[in-house]
Structures are given as C-alpha cells and as structure tokens.
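Structure first, commentary second.
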Amino acid sequence: MDDATVQLILDNLWPMLKATVTMTIPLTIISFSIGLVIALLVALARISSIRPLSVIARFYVSIIRGTPLLVQLFIVFYALPQFGVVLDPFPAAVIAFSLNVGGYAAEVIRSAILSIPKGQWEAAQTIGMGYTTTLQRIVLPQAARVAVPPLSNTLISLVKDTSLASTILVTELLRVAQLAAAPTFDFFALYSVAALYYWVICIFLSAVQGRLEARLDRYVAK
C-alpha cells in the first residue's frame, strides 16, 4: 500500500464514520423499529380467525419475500413518482426497508407465537384474561425469547442491506466510500474500510443479542 492510498484512507476515515453514525445507523434503527411494528400486526393477522385479514397478510408476506429488496427500493423511489408520490431518498429508503423487514420478521414472530403451548392460552382464558391481556402478559414475553435470535439476524442483515440505499442517492457509508474512491479509482482500500465499519456494527449487535437472550431467559417456561 503506497503513501497516497494510506493518506486517502486517513482522509476519509472521519467522513465515512460520520456517514455511518448519521445515516447508516439511523436508517437501520428507524427501519427496523417500524418494520417490527408492521411485522407484529401482520403476524397477528396471519394467525387471525378472520379470513380476509389472514389472506391479506399472507399476500403481503409473499410479495415481500418473493421480490428483491433492490426492486422494492426502486419501486418506492423511482416508480412511485409516476403516480405523483415523490419521496426524498432517506424517507424512501426507510419505507422500503421497513416494508421488507415487516415481511420477513412477520413470519419469525408468527412462528414464535405459535410455539407457545396452547395450554397457556387456555389457562389464561380460564382465569378470565382476554386475548389482548394474554398476548401482553403470557404469550409475547415468551415468544420474544424464541424470536430474538432470528430477529437479530434480520437486524444484522438490514445493517448490510442499507448499503443498497446508495442506489437511490442516500449518502450513507457505502456511497461516501464510492464518492471518495471515484477520483483515484482506489476502490479496494475505501471499500475495505467500509466493510470494516459494517463488520464492527455487526459484532456489536451480536454481543447485544447475547445479552438480550440472557435477560429474556427468565420468561421461558422451565
């Protein structure tokens, strides 16, 4: 590695870190939070006895899981303006990522809820708990423990998927690396730094996952 490459890396460490903190991480947190809300609603609709709700939820999951995330991004940012819906890059990315997370996480949450023995539902009904109370106090705390590992994987995948936001002009980590490398064509060095930043974020999230699993252990029926 020559001196010019080293200097290029040093000059862009801060801009890339700034893009990580101000764009990549907020994009991840906001999209995942909204996606989880969507996922919970869709999961409850999937297991609902109201058939139209179940059918709509199943169709939504099928569409999200059956189409590439990049296509979903392009539809939200490039295609919707044809119908008069014009969005800035960041909100468009949030919408696309949230809908994508919602589709994948819905199946995780649905499976976690269904993994709780029916006897616990019946016991809750016996002592007078309604459906909502049973979900909040009995089912969801236990389902959360089951869902944490796959949901954590979804979150880690989302961190990496945010790099696709560069295709719709969001100035996140990868786009900053692209712009910095373009004048000198030294893409390997700056892409390697970007990869390192993504890796560090994922390591941190994996550590948080482990601690969260340990805390949720107390909700598991022994």
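Nothing in this text is a laboratory measurement; each read-out follows from the coordinates by a stated rule. Just so it is clear, the model here is predicted, and its values are computed rather than measured. Here the Cβ is made from the backbone with ideal geometry for all residues, glycine too, and neighbour counts use every protein chain on show.
Quick check: Cα centre of the range 132-161 to Cα centre of the range 1-29, how many Å?
32
In whole Å, what is the distance between the alpha-carbon centres of the range 166-209 and the range 98-115?
28
In the Gaussian network model of the chain, springs joining C-alpha atoms below 10 Å, which of Ala194, Ala144, Ala124 carries the largest mean-square fluctuation?
Ala124
Taking only C-alpha pairs under 8 Å that are 6+ residues apart, what is the relative contact order of the range 1-145 in percent?
29
Using 5 Å bins from zero, what percent of all Cα-Cα pairs in the range 3-219 falls into each bin?
1, 7, 13, 15, 15, 14, 11, 9, 6, 4, 2, 1, 1, 0, 0
Quick check: net charge around Asp186, other residues with Cβ under 14 Å of its Cβ, Lys/Arg +1 and Asp/Glu -1?
Net charge around Asp186: -3.
Where does helix 25-46 land angle-wise versus the long Cα axis of the chain, in degrees 0 to 90, nearest 10?
Roughly 30 degrees, rounded to the nearest 10.
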